[in-house]
Amino acid sequence: MKTQLQFTALATLIVALSFSLNASTIILEPETYINDIPFDTEKIAAEYLYNQAVAETFELNEEAYIDDIPFNTECIAANCIYHKALQVKFDFEEESYIDDIPFDTEKIALQSTYEKALKEEFTLADEHYIDDIPLELMHMKTQSIDLISNELNTLFARVK
């Protein structure tokens, strides 16, 4: 009996294996798409939900007044209108020139700048005296200044 049971189990295993090998070789051909639903179900569901929402009636209870705005809205609105008015561009005609200033403003401005520059005070810190110029160079310096002044006089004479 024991061998019969083993033989039956082995035969069943072989048959199952052959079925599984045959089943793996079956190839199905792809089917073409069949458009059997002639409408868009997503649109229908959205329309249904919209109609339900519109049909719903809401009753809101009147709330008590709460003074939760800590500023003057009229003032803020006026400020907003003011800033909008500043953004408006106006186009004006070009006016003819009127010579009503009897002086040259550029010349007066330069003169004022010059006078301010003259009035500015500079404070310089005292420096330690260093005797690094030999006496001979000091004499040469005065001679060279004399030469330069003579050359300037000659140039001025030529210009005149």
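Confirm whether PHE92 is modelled with pLDDT under 80, of a type outside the set (D, E, K, R) and assigned to a loop (DSSP other than H, G, I, E, B).
Values: modelled with pLDDT under 80: no; of a type outside the set (D, E, K, R): yes; assigned to a loop (DSSP other than H, G, I, E, B): yes.
When the stated conditions are applied, PHE92 does not pass them.
Give the residue, chosen from ILE37, ILE27, ILE108, that is of a type in the set (Val, Ile, Thr), assigned to a loop (DSSP other than H, G, I, E, B) and within 54 Å of the chain's Cα centre (by Cα).
Unique residue meeting the criteria: ILE37.
When you go through (1) assigned to a helix (DSSP H, G or I); (2) modelled with pLDDT of 85 or more; (3) loosely packed, with under 10 Cβ neighbours inside 10 Å one by one for CYS75, which number turns out not to apply?
If we test CYS75 against (1) assigned to a helix (DSSP H, G or I); (2) modelled with pLDDT of 85 or more; (3) loosely packed, with under 10 Cβ neighbours inside 10 Å, just (2) comes out false.
Residue check: is PHE58 exposed (fewer than 10 other Cβ atoms within 10 Å of the Cβ), at pLDDT 80 or above, among the hydrophobic types (A, V, I, L, M, F, W, C) and assigned to a loop (DSSP other than H, G, I, E, B)?
yes
The values are calculated or read from the model by the stated rules, or taken from the named source; none is laboratory data. Owing to the predicted nature of the structure, the values given are computational and were not obtained by experimental measurement. Cβ coordinates were reconstructed from backbone atoms using ideal geometry, including for glycine residues, and neighbour counts include every protein chain displayed.
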